[in-house]
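First up is the structure itself, then whatever we jot down about it.
The values are calculated or read from the model by the stated rules, or taken from the named source; none is laboratory data. Just so we're clear, the structure is a prediction, and the values are computed from it rather than from any experiment. For neighbour counting, all protein chains shown are included, and Cβ atoms are generated from backbone atoms with ideal geometry for every residue, glycine included. The area values use the complete protein model at the heavy-atom level, side chains included, leaving out ligands, DNA and RNA. Shrake-Rupley method; radii C 1.70, N 1.55, O 1.52, S 1.80 Å.
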Amino acid sequence: MMEKMIFGRYVPADSVIHRMDPRSKLIIVLLFVCVVFIANNAITYGALVVYTLLMLAMSKVPMRFVFGGLKLVFILIIFTFLMHIFLTREGPIIFELGWFKVYEEGLRQGIFISLRFFLLILITSILTLTTAPIAITDGLESLLGPLKKLKFPVHELALMMSIALRFIPTLMEETDKIMKAQSARGVEFSSGPVKDRVMAIIPLLIPLFVSSFKRAEELATAMEARGYRGGDGRTRYRKLVWSGIDTLMLLLLLALTILLIIFRT
Amino acid sequence: MKNSLVQIRNLSFKYDENADYALKDVTFDIYEGEWLAIVGHNGSGKSTMAKLLNGLNFPKEGSITVDGLLLSEETVWDIRDKIGMVFQNPDNQFVGTTVQDDVAFGLENHGIEREEMIKRVHNALESVKMEQFLDQEPHHLSGGQKQRVAIAGVLALRPNIIVLDEATSMLDPRGREEVLETIRQLKASQEMTVISITHDLEEAAKADRMIVMNKGQLYREGSPEDIFQLDEELISLGLDIPFPVKMSKMLKGLNIPVSKHHLSEEELVEELWTSHLKM
Amino acid sequence: MDISLKNVEYRYQVNTPFERLAIQDVSIDIPSGTFLALIGHTGSGKSTVLQHLNALLKPTAGEVVIGERTITSEKKQKGLKAIRQKVAIVFQFPEHQLFEETVEKDICFGPMNFGVNEGEAKRRAHEAIKQVGLDESILQKSPFDLSGGQMRRVAIAGVLAMHPDVIVLDEPTAGLDPRGRKEIMDMFYQLHKERNLSTILVTHSMEDASRYADKIAIMHKGEVYKVGTPLDIFSDPEQLIKMGLDVPEVVKFQQKLEKTFGYKFAKTCLTIEEISQEMPRFLKRGEA
Ligand SMILES: Nc1ncnc2c1ncn2[C@@H]1O[C@H](COP(=O)(O)OP(=O)(O)OP(=O)(O)O)[C@@H](O)[C@H]1O
Ligand SMILES: Nc1ncnc2c1ncn2[C@@H]1O[C@H](COP(=O)(O)OP(=O)(O)OP(=O)(O)O)[C@@H](O)[C@H]1O
Ligand SMILES: [Mg+2]
Ligand SMILES: [Mg+2]
């Protein structure tokens, strides 16, 4: 299951979206999160769906991979949907079976809210799938740059994030290794009674914790040995370049926003 | 060539007040341009030694002087500029998310300008033959490749001493040979001093000088020839005897004339060849 | 227990952009009581093969026969636990799997998962800790207070205490000092002899492969390149070197002698004793 996860995974490719400046992508995602809340009817939601699918298509990430990787999210979405169906009791009843009644408003809200949730997940996934983790961090650091004046530890935060990102694959690998090592000692992670499966977490978590701690210690030593002593006086190797595409993409989102405002009810 | 570069005097260290000494009263010199191998059983204090040298820990007693600078809180950053370290686990020293970012990390720390950085990153990667991999992420590299990137990261800072703490022990034979060959070439072309901590005695046999650690103390110091005269004693120190020495001994036992315990197979073959020509 | 792999293929991360063929068309027979060494350079698929031996991985094509059981890509497998008790794996850096408060508990963990009662598990812990060359007093310590070498031995003891029929070792001595390396390998060899334990060893040390194994398989780019006795494998050193592999020091030495003297030994020698015995004859031939 771990193998199919898409969170935090970067799929290298050569697409318009891949070539965008991480800053513009971050801004777009951030704005999109707000824009989503403007939509409130079929047309506006439709526009959002079209926009998102357009972005996905432009990113050249295989659809099957994206949707396959969102399986867990679908479960959540279906759950949200059902919650609304059960809990909202407004508007005319459109379906009835014994005590079970579906109200129009419930269905409407169920669909819209799950859709909203889904679009948000999808757009953030596009960001992470098309942007190298380091680029996201660089983008964030640059966008948050002004906060440095307020003594906000922007650099430290960015470094922490980039290291965390750098170690995600390593830790996934490690988790896999420890799971296998413990399976070989008779632990069952995926079958057997629920109680046993919960207990199986301990032989996984303790070694994982111990080794992460050791890694962190060794990494800190290696960083210090290479002259790291905080953000002051550091120079930057990476440089971000804002191009025409970035401006264009921002304008596209702006157009969408205007469209939504016009057609919302 | 016998120009002392580092002086280590009566060095002692404990990780913890109540713990045993991890290092006890260690004194030796490191000479300019030499390849010094440090060997010893697991837990004999080799890594502790390396960390003290670079000011990653400070000694309880004794002193370290590097290139005329006495190691202290004030001088530690200058000393770290002079000493580059490569550690055992290739994964736990890769800071950047790609090869070039990782090599640049040290340069960024030193506030080197961007133009200069780009030049140095490329040069360093070229000298370890990794220039093809600029944008690779670490988990797509083999262990040997990661270690070569680590070496490039150190080289970019232009140190005069490079310390390898079992830098090849997690690698396969080919990765190991790649890394050692890289270091050998660098040592020749850039006149570096190499300190190699290792369990590989065949590698140690090729060093200019060796130090044997035992239970936190310096047990013996000398040329590989001297050290491998210790013979069976090495086994009780947790070590072993390299193949050519074993072979020389074996042949002597069979009354085949061998003048000494050879450290390389080539030498031994050479002697067998010339002595049998004379017969 | 006999194990055999038949045309096994394995792909990691099937149906993702990261899909990767790790091994293909791998067929190896491991009859009960064999000592098999698996060699090959990094990424050649050795660890992937190992994980098929106790069904940690299910082949994406082909089949794995473990004793009475056959594992194929189709079936959802049940009751793999029984296999895992019979075929134990010591992974690379096995000390990373330790987690209990005391060494004793950690060693008992495996056997107890397989239904052994506590009394018996403890008895086995005492037996296993001696087998790996540690003192029984260590049983009450925390595994995290031990040195690296001791932790390694404790982890191995935990696997031995499962009383497997087959033991699979993935580079068990990496990072140990030379004496530790020899002691651990000698211990596995002794177990192999005494209990007729099938042993499968992945190693980068050609010395170990030639000294301990009765059969060696070379992996190359995900396929089995050659299977044979150490003598078969090392009689053709050029081929191994071409594949980026090494040969034992003895063989290298013999090669150098043969090259310098311009003629061959009567046979390929795999031990230092053997070559010493051959040496007088070899040198004499030069005089004639
Ligand atoms: N971070 C630490 N905290 C406490 N004790 C430590 C620490 N690191 C090492 N030690 C102890 O210090 C002693 C020397 O360890 P050191 O790591 O220097 O040995 P080493 O010669 O490098 O061994 P190896 O060959 O296994 O790498 C050992 O007894 C070890 O247990
Ligand atoms: N979890 C994984 N996901 C994707 N690919 C993998 C995974 N594990 C291994 N591989 C790939 O499968 C191939 C075989 O790997 P494997 O670990 O079996 O090699 P190995 O012979 O054991 O190498 P080493 O000597 O480095 O341990 C390699 O190309 C490797 O990159
Ligand atoms: Mg060490
Ligand atoms: Mg492996």
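Rounded to two decimal places and with Rh computed the Kirkwood way over Cα pairs, what is Rg over Rh for segment C:248-288?
Ratio value, two decimals: 0.93.
Treating the beta-carbon of each Lys and Arg as +1 and of each Asp and Glu as -1, no other charges, what is the dipole magnitude of segment B:149-196 about its Cα centre, to the nearest 20 debye?
160
Cut-off 13 Å, label point 7 angstrom out along Cα-to-Cβ of A:Cys34: give me the residues of segment A:241-264 whose amide nitrogen falls inside.
Once the point is set 7 Å along Cα→Cβ of A:Cys34, A:254, A:257-258 turn out to lie under 13 Å by backbone N, inside segment A:241-264.
Tell me the mean residue ellipticity at 222 nm calculated for chain C from its helices only (DSSP H runs of n ≥ 4, each -39500 (n - 2.57), averaged over every residue, nearest 500).
-12000 deg cm²/dmol
What accessible area per residue comes out for segment C:3-247, rounded to a whole number of Å², with a 1.4 Å probe?
40
Using Cα pairs under 8 angstrom and six or more residues apart, how large is the relative contact order of chain B, in percent?
22
Separation of segment B:222-266 and segment B:14-55 by C-alpha centroid, Å?
For segment B:222-266 versus segment B:14-55, the Cα centre distance is 26 Å.
Work out from phi, with θ = phi - 60° and the Karplus expression 6.51 cos²θ - 1.76 cosθ + 1.60, the ³J(HN,Hα) of each residue of segment C:161-178, listed in order in whole Hz, and give x for Gly and Pro.
Coupling constants for segment C:161-178: 5, 6, 6, x, 8, 10, 10, 10, 10, 9, 6, x, 10, 4, x, 8, 6, x Hz.
Relative to the Cα centre, what is the charge dipole magnitude of the protein assembly as shown, using +1 at the beta carbon of each Lys and Arg, -1 at the beta carbon of each Asp and Glu, and rounding to the nearest 20 debye?
It comes to approximately 2280 debye.
Over what distance in Å are the Cα centres of segment A:189-248 and segment C:232-273 separated?
Between the Cα centre of segment A:189-248 and that of segment C:232-273, the gap is 46 Å.
Taking the dipole about the Cα centre of chain A, with the C-beta of Lys and Arg at +1 and of Asp and Glu at -1, give me whichever of A:Asn41, A:Ile168, A:Phe112 is farthest to the positive side.
Of the candidates, A:Ile168 comes out farthest on the positive side.
Could you tell me the relative contact order of chain A? Use alpha-carbon pairs under 8 Å, at least six residues apart, and round to a whole percent.
31
Can you give the charge dipole size of segment B:124-279 about its Cα centre, rounded to the nearest 20 debye, using +1 on the beta carbon of Lys and Arg and -1 on the beta carbon of Asp and Glu?
Working: 17 positive and 27 negative charges, 38 e Å.
It comes to approximately 180 debye.
Along the charge dipole of chain B, Cβ charges K/R +1 and D/E -1, which of B:Gln88, B:Met210, B:Ile183 sits furthest on the positive end?
B:Met210
Along the Cα→Cβ direction, 7 angstrom out, place labels at B:Asn18 and B:Glu73. What is the inter-label distance in nm?
So the two model labels end up 2.7 nm from each other.
By how many degrees, between 0 and 90 and to the nearest 10, does the Cα long axis of helix B:99-109 differ from the longest principal axis of chain B?
It is inclined by approximately 70 degrees.
Roughly how many nanometres apart are two label points built 7 Å out from the Cα toward the Cβ at A:Glu173 and A:Arg64?
2.7
Of A:Ala222, B:Phe243, A:Ile206, whose Cα points farthest to the positive end of the dipole of the protein assembly as shown (charges on the beta-carbon: +1 Lys, Arg; -1 Asp, Glu; origin at the Cα centre)?
Ranked along the dipole, the leading option is A:Ile206.
Kyte-Doolittle mean at least 1.6 and Cα extent at least 20 Å along the axis: which DSSP H helices of chain A qualify?
Flagged H segments are A:42-59, A:71-87, A:244-263.
Separation between the C:Glu194 and A:Val194 pseudo-spin-labels, each 7 Å from Cα along Cα→Cβ, expressed in nm?
Once both label points are built, they end up 4.6 nm from each other.
Compute the length gained on full extension between C:Arg20 and C:Val65: take 0.36 nm times their separation in residues and subtract their Cα-Cα distance, giving the result in nm to one decimal. The partial results should precede the final answer.
On the way: separation 45, 0.36 × 45 = 16.20 nm, distance 2.39 nm.
Contour length minus Cα-Cα distance gives 13.8 nm.
What whole-number distance in Å separates the alpha-carbon centres of segment A:5-51 and segment A:163-185?
31
Using a 1.4 angstrom probe on heavy atoms only, work out the carbon and sulfur share of the accessible area of the protein assembly as shown in %.
56
In degrees between 0 and 90, to the nearest 10, how far off the longest principal axis of chain B does helix B:243-253 point, with axes built from Cα atoms?
With rounding to tens, the tilt is 10 degrees.
Take every Cα pair under 8 Å in chain C that's 6+ residues apart, average their separations, divide by the length, and report that relative contact order as a whole percent.
21
Once the Cα atoms of helix B:265-278 and of chain B are each reduced to a long axis, what angle between those two axes, in degrees from 0 to 90 to the nearest 10, is obtained?
Orientation of helix B:265-278: about 30 degrees from the principal axis.
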